[in-house]
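Step one of this worksheet: look at the structure below.
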Amino acid sequence: MMSKFIQNAAEIAKKAMDSVDPSLSEKFTIVIRFLTDNPDAASALKGKERSIVGTEEYIIASATNFKKGRDPRTPLPPSTIPDEMVSVILNKYFEVPSEELEKAEEWHRLSMGAENIVGDLLERYIAEVIEPHGWIWCSGSMVRAVDFIYCDSENVWQSLQVKNRDNTENSSSAAIRHGTPIKKWFRTFSKKRGDNWDKFPSLEGKENLSEKGFKLYVEKYLSALRAIKA
C-alpha cells in the first residue's frame, strides 16, 4: 500500500531543517513537497531511525540525512580482506613480479576507493552548477531513482537521474506520478573513451557543465579535504 505524507508535511520539514541547517530549509522543504505528491518515490529509512514513510518522525529523520548527504565525503579504500588468490593470478598469469604484488594490492584497494566516490562527486558537481537555477539535489538518498528535482513554471515536477557510466544499472522507474518521465543521463562509456556531457538533458544551467569543469571541481574538492586532514 502506498504511503501518504501527513497534511502539514512542508511545515514540519521547514521546522525540522531550521534546527539542523537553516540554509537548507527551502531545498529540503521542496523535496518533501515532491515526496508528498509522489510518496511511492520516498526511500525508506534504515537502521535505528527507521520510521513509517510520511510521518512526522520520518520527515525529521530525513532532514538529518539530507544534511549529512551534503557533508564532505572522504575517499576510503574497502575494509574487506583481499583474496590471496588474486595475487597468485597476478603473479602466475599476468607475470607481476612477486616483489611488486604487495604494492599492486594496495594500489588496487586505493583505486577501488577512488572509483566508489566518483558518483558522489558527480552529483555534487552537478548540484553546484544547476541548483542556482532552481534544481534541488536529493542528497541523502531520499528519493528512489531520482537525484535532482525541479518544479517548473506550470507546477509540474521535473526529475533527473544521473549515473557515472553507461553500464551502471538504472532503476526501472520510468516516471513519477505527478510529473514528466524521469530524465536519465550517464557521464562516461564503458566500451570507449570520451564523455557524454553533450547529451546532458536540456535544462537551465547545462551549458556550464563539462568534463573539464568536473575535473576542476574534483581537484578543488579533494584539495580542500587534504587541507582539513593536514
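Any read-out appearing in this document is the output of simple, stated calculations on the displayed coordinates, not a laboratory observation. Just so it is clear, the model here is predicted, and its values are computed rather than measured. Note that each Cβ is placed from the backbone with ideal geometry, even for glycine, and that neighbours are counted across all protein chains shown.
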Positive-end residue, the stretch 68-151 charge dipole about Cα centroid, Cβ charges, pick of Ala127, Gly113, Leu101:
Ala127
Treating cross-link reach as a plain straight distance, find the aspartates and glutamates whose alpha-carbon is under 20 Å from the alpha-carbon of Lys14, omitting any fewer than eight places away in the same chain.
Glu26, Asp37, Glu49, Glu56, Glu57, Asp71, Glu131
Dipole magnitude (debye, nearest 20) for the stretch 176-230, charges at Cβ of Lys, Arg, Asp, Glu
300 debye
What residues qualify as long-range amide H neighbours of Arg187, i.e. H under 5 Å apart, gap of 5 or more or another chain, H built at 1.01 Å from N?
Lys163, Asn164, Arg165
Note to self, the chain gives a 222 nm [θ] from helices alone (DSSP H runs n ≥ 4, -39500 (n - 2.57) apiece, / all residues, nearest 500) of -13500 deg cm²/dmol
Using only Cα atoms and rounding to the nearest 10 degrees, what angle (0 to 90) does helix 211-229 make with the longest principal axis of the chain?
80 degrees
For the stretch 1-81, the charge dipole (Cβ of Lys, Arg +1; Cβ of Asp, Glu -1; about the Cα centre) points to a positive end, and the Cα of Ser3, Tyr58, Gly47 closest to that extreme belongs to Gly47
Near the amide H of Ser43, under 5 Å away, which other amide H atoms are found, from residues 5 or more places off or on another chain, if H is placed in the peptide plane?
Val143, Arg144
Order of 122-128, 64-70, 224-230 by packing, highest average Cβ count within 10 Å first?
122-128, 64-70, 224-230
Flagged links, alpha-carbon separation over 30 Å, of Lys4/Lys46; Lys103/Lys229; Lys4/Lys215; Lys184/Lys229; Lys67/Lys184:
Lys4/Lys215; Lys184/Lys229
Kindly identify the stretch 42-94 as rounded, prolate or oblate by the Cα gyration tensor criterion: order the square roots of the eigenvalues as a ≥ b ≥ c, call it rounded if a/c is under 1.5, otherwise compare a/b with b/c, prolate if a/b is larger, else oblate.
prolate
With Phe189 itself left out, Lys, Arg at +1 and Asp, Glu at -1 over residues whose Cβ is under 13 Å from its Cβ give +3
Taking N as the number of residues in the chain, the ratio of its alpha carbon radius of gyration to 2.2 N^0.38 Å works out to 1.18
Taking the Cα atoms only, what angle lies between the long axis of helix 25-37 and the longest principal axis of the chain, rounded to 10 degrees?
80 degrees
Put +1 on the Cβ of every Lys and Arg and -1 on every Asp and Glu Cβ in the chain; which of Asn167, Tyr150, Phe214 then has its Cα farthest towards the positive end of the dipole?
Tyr150
By the scheme Lys and Arg +1, Asp and Glu -1, what is the net charge of all other residues having a beta-carbon under 11 Å from that of Phe5?
0
Roughly how big is the chain's charge dipole about its Cα centre, with Cβ charges of +1 (Lys, Arg) and -1 (Asp, Glu), in debye to the nearest 20?
240 debye
How far is helix 101-130 tilted, in degrees, relative to the longest principal axis of the Cα atoms in the chain, given as a value from 0 to 90 rounded to the nearest 10?
30 degrees
Mind checking the dipole of the stretch 44-95: about its Cα centre, +1 per Lys or Arg Cβ, -1 per Asp or Glu Cβ, Debye to the nearest 20?
240 debye
Springs between alpha-carbon pairs under 10 angstrom, Gaussian network model over the chain: which of Leu24, Leu101, Leu160 fluctuates most?
Leu101
Where labels lie 7 Å past Cα in the beta-carbon direction, separation of Ile52 and Trp107 in nm:
5.6 nm
What is the local net charge at His133, summed over the other residues whose Cβ is closer than 10 Å to its Cβ (Lys, Arg +1; Asp, Glu -1)?
-1
Please work out the Cα convex hull volume for the stretch 22-129 and give it in Å³ per residue.
164 Å³
